[in-house]
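Down below is the structure, laid out as structure tokens.
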Amino acid sequence: MLLLGWMHLLPAAFLRRFPETLNLHPSFLPLDPAADEVVVPDGTVIPALRGAHALRDALRAGLAWTGATVHYVTGATDRGAVLVRVPLPVGDATSEAALRDRVRPTEFATVAAAIRRWSFER
């Protein structure tokens, strides 16, 4: 099952029934689900922005990087194993809407790559 930006925790019974559930998240998440920071391509360490407001949080923190990540869904918010992640500079986006527009093409490419990887690993 593929969730595209699902912003609610799923019950444990659902996740037991559908353990291969994937979600798209508009942030560059760390490969280690327990980590609270991630290193971006320029070597900067930024917070792992989890939850429903990752883009807003990136702008408020003045971060230079965001991205897109497809990960397995677990009972913890955006803490599942990462299938594919792609970093993206925030660029000149100054509003959440502008940043969302900037991230959207990266999200599409990330989802396509994650589906290919998931299919290949089967």
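The values are calculated or read from the model by the stated rules, or taken from the named source; none is laboratory data. Only a predicted model underlies this, so the values are computations on that prediction, with no experimental measurement involved. A quick note on method: Cβ atoms are made from the backbone with ideal geometry, for glycine too, and the neighbour counts reach across all protein chains shown. Just so you know, the surface numbers come from the protein's heavy atoms only, side chains and all, with ligands and any DNA or RNA stripped out. Shrake-Rupley method; radii C 1.70, N 1.55, O 1.52, S 1.80 Å.
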| task | State in Å² the accessible area per residue of the chain; use a 1.4 Å probe, count heavy atoms of protein chains only, and round to the nearest integer. | result | 55
| message | Students often get this wrong: which residues of segment 41-75 have the backbone nitrogen under 20 Å from the point 7 angstrom along Cα-to-C-beta of Ala81? | response | 69-75
| Using alpha carbons only, how many degrees (0 to 90, rounded to 10) separate the axis of helix 96-121 from the longest principal axis of the chain? | 40
| task | Provide the descending list of Cα extents for segment 64-116 along its principal axes, expressed in whole angstroms. | result | 32, 25, 16
| When the Karplus curve 6.51 cos²θ - 1.76 cosθ + 1.60 is applied with θ = phi - 60°, which whole-Hz ³J(HN,Hα) does each residue of segment 50-57 get, with x for Gly and Pro? | 9, x, 6, 10, 4, 5, 4, 5
| remark: The relative contact order of the chain, taking Cα pairs under 8 Å that sit 6 or more residues apart, comes to a percentage of 25
| task | Find, to one decimal place in angstroms, the Kirkwood hydrodynamic radius of the chain, where the mean of 1/r is taken over every pair of different Cα atoms and then inverted. | result | 14.5
| message | Quick check: net charge around Leu3, other residues with Cβ under 13 Å of its Cβ, Lys/Arg +1 and Asp/Glu -1? | response | -3
